[in-house]
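One structure is given here, and the rest of the page talks about it.
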Amino acid sequence: MIRDVIREGGGLAVDIATLGDGDDLYAAGLTSHATVNLMLGLEEKFDIEFPDRLLRRRTFESIEAISAAVTELLDEKVAA
Amino acid sequence: MSDDAALRAAQAAFRDALIAHGLLIPMGVDGMYGRSGLFEDVIERFLALVARHGGQDGAEVMRFPPAINRADFEGSGYLKSFPQLAGTVHSFMGNDRDHQALIEKLLKKEDWTAGQKATQVVMTPAACYPIYPVLAARGRLPAGGALVDVYSYCFRHEPSIDPARMQLFRQREYVRIGTPEQVMDFRQLWIDRGTAIMTALGVPLHVDVANDPFFGRAGRMLAANQRDQTLKFELLIPITSTDKPTACLSFNYHQDHFGHAWDIHTHDGGTAHTACVGFGVERIALALFKHHGFDVKAWPMAVRDQLGL
């Protein structure tokens, strides 16, 4: 699902299918403004809201990092 | 008194002192002032000082009115980042009946602005904005890239009682357009030069990583990105607060943001990167008056020498 959101909103220079979970998305062409679109896309898809502490470049640096942040926010939602 | 209240009081006190000494002329809107001959003289002399440091680099001088083409503004991406600061120029474009309605509303002191329509003119948000489409239209950059000297009034809608946060203010900039290496070398050169220029003017200062005032939640992320990548440095001088010093110079690396937006290419076809050094000339004058006093003749001789006063 994360890959779908990146494909739609990430504006990458390469096909997301060619990237591994740990690959650097910024190196693959993810810009600052595209990161904002990506964040909004993830929030809509997973019905979550990224708090200020996660509004950082490294939160979105790889599929792995995004997955960790999304999992954390979904866990918090269940706990709340 | 809370910190905020103390800061506002210090800002109001400095503004009132500047007005009392005739340096700034109030115009009834926060952040909009006339300037006295002396205030302008200090700025002119500072500009000459900047030119003594940067004037031999061969920059192309471009001067524009304080407004840009709306289509260029829309293409610049400014509204994605700073919608809250933009100033668009609107005019009456109606017929006789619309004119009568306007006058009626004016007489009744009702809102007469609803019928105003957007013109093709937008206030310049930063001095370098008009140059990018000009460079793009010339085709690929030469191997050495480009260097432009710009100076313009700029508008940002952020009314404040702080005299160091004007809505209409001037920026003197050098802008470098070229490869990442060319523009990063340029930025470092100006961090060093800017620090030397201001140190010689006898004001307390430090240079720090900074971020632009991006709008909203998306903006918090853009600001964090900008800081993480150290894209912006500011030279800060305490004016109305030592805790919150004022950015008087900024040293910005835009990466390929403008190169992409305008399709500007280096000689080998790569997307051009850009960087700029900006001097907030009113803020610099205010810093000089703050630290050396309102009587220019009493300023330290070393400072007067630098400015040729």
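The values are calculated or read from the model by the stated rules, or taken from the named source; none is laboratory data. Given the structure is predicted, the values throughout are model-derived calculations rather than measurements. For neighbour counting, all protein chains shown are included, and Cβ atoms are generated from backbone atoms with ideal geometry for every residue, glycine included. What goes into the accessible areas is simple: the full protein's heavy atoms, side chains included, and nothing from ligands, DNA or RNA. Shrake-Rupley method; radii C 1.70, N 1.55, O 1.52, S 1.80 Å.
Rounded to whole Hz and in sequence order, give me ³J(HN,Hα) for the range B:166-175 from the Karplus expression 6.51 cos²θ - 1.76 cosθ + 1.60, θ = phi - 60°, writing x for Gly and Pro.
So the J values, rounded to whole Hz, are 8, 7, 10, 8, 10, 10, 9, 9, 10, 10.
Sequence-distant or interchain residues sharing an amide H contact under 5 Å with B:T119, placed H: which?
Amide H to amide H, under 5 Å and 5 or more residues apart or across chains, B:T119 pairs with B:V89, B:H90, B:S91.
Sequence neighbours fewer than 8 away in the same chain don't count; with that in mind, list the aspartates and glutamates whose C-alpha is under 14 Å from A:K45.
Here the aspartates and glutamates satisfying the reach criterion relative to A:K45 are A:D4, A:E8.
Filter the GluC sites (Glu not before Pro) in the range A:13-80 down to the DSSP loop ones having no more than 15 other Cβ atoms within 10 Å, then list what survives. Spell out each step's value before the answer.
On the way: sites: A:E43, A:E44, A:E49, A:E61, A:E64, A:E72, A:E76; in loops: A:E49, A:E61.
Qualifying residues, ordered by number: A:E49.
Which FRET efficiency value, to the nearest 0.05, is calculated for A:S67 and B:I25 with the Förster distance at 56 angstrom and r the Cβ-Cβ distance? Please report the intermediate quantities before stating the final value.
Numbers: r = 59 Å, r/R0 = 1.05.
With R0 = 56 Å, the Cβ-Cβ based efficiency is 0.45.
For chain B, just say rounded, prolate or oblate: build the C-alpha gyration tensor, square-root its eigenvalues into a ≥ b ≥ c, call rounded for a/c under 1.5, and beyond that prolate if a/b exceeds b/c, oblate if not.
oblate
Can you work out the Karplus-derived ³J(HN,Hα) for every residue in the range B:285-290? Use 6.51 cos²θ - 1.76 cosθ + 1.60 with θ = phi - 60°, whole Hz, and x for glycine or proline.
4, 4, 4, 5, 5, 5
Averaged over its residues, how many other protein chain Cβ atoms are within 10 Å of peptide B:208-219's Cβ atoms?
2
Ordering A:D21, B:D3 by how much accessible area each has at a 1.4 Å probe, largest first, what is the list?
The residues order as B:D3, A:D21, largest area first.
Peptide B:268-281: average number of partner chain Cβ atoms within 10 Å per residue?
0
Hey, how many Å between the Cα centroid of the range B:194-221 and the Cα centroid of the range A:45-80?
31 Å
Residue by residue, what Karplus-based ³J(HN,Hα) values in Hz, rounded to whole numbers, does the range A:27-34 have, using 6.51, -1.76 and 1.60 with θ = phi - 60° and x for Gly and Pro?
Running phi through 6.51 cos²θ - 1.76 cosθ + 1.60 with θ = phi - 60° gives 5, 8, x, 6, 9, 4, 5, 5 Hz.
Can you tell me which lysines have their Cα less than 24 Å from the Cα of B:K109? Leave out same-chain residues fewer than eight positions away.
Filter leaves B:K117.
Could you tell me how far the Cα centroid of the range B:8-80 sits from the Cα centroid of the range B:152-174, in Å?
Computed from Cα coordinates, the inter-centre distance equals 6 Å.
Across peptide A:29-37, how many C-beta atoms of other chains are within 10 Å of each residue C-beta, on average?
Rounded to a whole number, the mean comes out at 5.
Rounded to a whole number, what % of the accessible area of the range A:2-79 do carbon and sulfur atoms account for, probe 1.4 Å?
47 percent
With each pseudo-label sitting 7 Å past Cα toward Cβ, what's the B:E181-A:R58 distance in nm, one decimal?
Computed distance between label sites B:E181 and A:R58 equals 3.0 nm.
Give the peptides B:115-121, B:32-38, B:148-154, B:14-20 in descending order of average Cβ contacts within 10 Å, highest first.
Details: B:115-121: 13.1, B:32-38: 15.1, B:148-154: 20.9, B:14-20: 16.9.
Put in order of decreasing packing, that is B:148-154, B:14-20, B:32-38, B:115-121.
With each label point set 7 Å from Cα along the Cα-Cβ vector, what nm distance links B:H99 and A:A17?
6.5 nm
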